[in-house]
Amino acid sequence: MGSRPSCRIRAFFDTGDIQISDAAFYRKNGITIYRDFPVTKVDFRRRRLHGPSGNVVGFDQLLIATGSTVRRLKVPGSNRPEILYLRQIKDSRAIQAQIKRGKRVVVIGSGFIGMEVTSVLASKGVRTTMVFPDDRVWKRLFT
């Protein structure tokens, strides 16, 4: 613990709004953040990512984490405006716009995103309840 990793990690985000930690954390752990860097080409032979303005970033290993599709509720009333889903930045902004200190929110799901949303809401003084089908969070990850 406390030692620097032997490799550098580079993360590509469309906006700084989704960073979980502050800039010091990323610097300390050898993580370089590239914002507004849409990847236009991947050169697997040379191990390089190309951006639209000619920027090139090299890599040793490449992890492509493009997200997933949101699972929508299939119950009567699930199309009501106070039911919000989180999968994109615009969804995050819609949730932030609805946050009212002291109000109550229910988060359905206990995966990484559900845990993060619950943590952020609670830190803003929102009374938050999590609902999920298992007997504990992250059951599939931890024994």
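The values are calculated or read from the model by the stated rules, or taken from the named source; none is laboratory data. Just so we're clear, the structure is a prediction, and the values are computed from it rather than from any experiment. Reconstructed Cβ throughout: ideal geometry from the backbone, glycine too, with neighbour counts over all protein chains shown. These accessible areas exclude ligands, DNA and RNA; they are computed on the full protein's heavy atoms, side chains included. Shrake-Rupley method; radii C 1.70, N 1.55, O 1.52, S 1.80 Å.
Tabulated data
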{"quantity": "Selected residue (criterion: farthest from Val70 (Cα to Cα)) from residues of segment 104-124 that are open to solvent by less than 50 Å² (accessible area, probe 1.4 Å) and without any contact (Cβ under 8 Å) to a residue 24 or more places away in the chain", "calculated": "Leu121"}
{"quantity": "Flag if Ser53 is in a loop (DSSP other than H, G, I, E, B), farther than 20 Å from Ser110 by Cα and not β-branched (Val, Ile, Thr)", "calculated": "yes"}
{"quantity": "Boolean, Glu116 is among the acidic types (Asp, Glu) and not in a helix (DSSP H, G or I)", "calculated": "no"}
{"quantity": "Total residues in segment 125-143, condition out of contact with any strand residue (DSSP E or B) (no Cβ under 8 Å at 6 or more places or on another chain) and either open to solvent by 70 Å² or more (accessible area, probe 1.4 Å) or among the hydrophobic types (A, V, I, L, M, F, W, C) (or both)", "calculated": "9"}
{"quantity": "Only one of Gln61, Gln19, Gln88 that is within 30 Å of Thr128 (Cβ to Cβ), modelled with pLDDT of 75 or more and either of a type outside the set (Asp, Glu) or open to solvent by less than 100 Å² (accessible area, probe 1.4 Å) (or both)", "calculated": "Gln88"}
{"quantity": "Count of residues meeting criterion [loosely packed, with under 11 Cβ neighbours inside 10 Å and either assigned to a strand (DSSP E or B) or in contact (Cβ under 8 Å) with a residue 60 or more places away in the chain (or both)] in segment 22-50", "calculated": "1"}
{"quantity": "Contacts under 6 angstrom Cβ, first residue in segment 53-80 being free of Cβ contacts under 8 Å to residues at least 24 places away in the same chain, partner surrounded by 10 or more Cβ atoms within 10 Å (Cβ to Cβ) and outside any loop (DSSP other than H, G, I, E, B), 6 or more apart", "calculated": "Val56/Arg48; Val56/His50; Gly58/Arg48"}
{"quantity": "Test: residue in segment 28-45 that is modelled with pLDDT of 85 or more, touching a strand residue (DSSP E or B) at 6+ places or on another chain (Cβ under 8 Å) and polar (S, T, N, Q)", "calculated": "yes"}
{"quantity": "Residue identified as modelled with pLDDT of 85 or more and over 20 Å from Arg71 (Cβ atoms) among Arg101, Arg127, Arg93", "calculated": "Arg127"}
{"quantity": "Pick from segment 56-82, criterion β-branched (Val, Ile, Thr) and in a loop (DSSP other than H, G, I, E, B), ranking: nearest to Thr32 (Cα to Cα)", "calculated": "Ile64"}
{"quantity": "Unmet requirement for Arg72, which otherwise passes all of (1) open to solvent by 70 Å² or more (accessible area, probe 1.4 Å); (2) closer than 30 Å to Asp43 by Cα", "calculated": "(2)"}
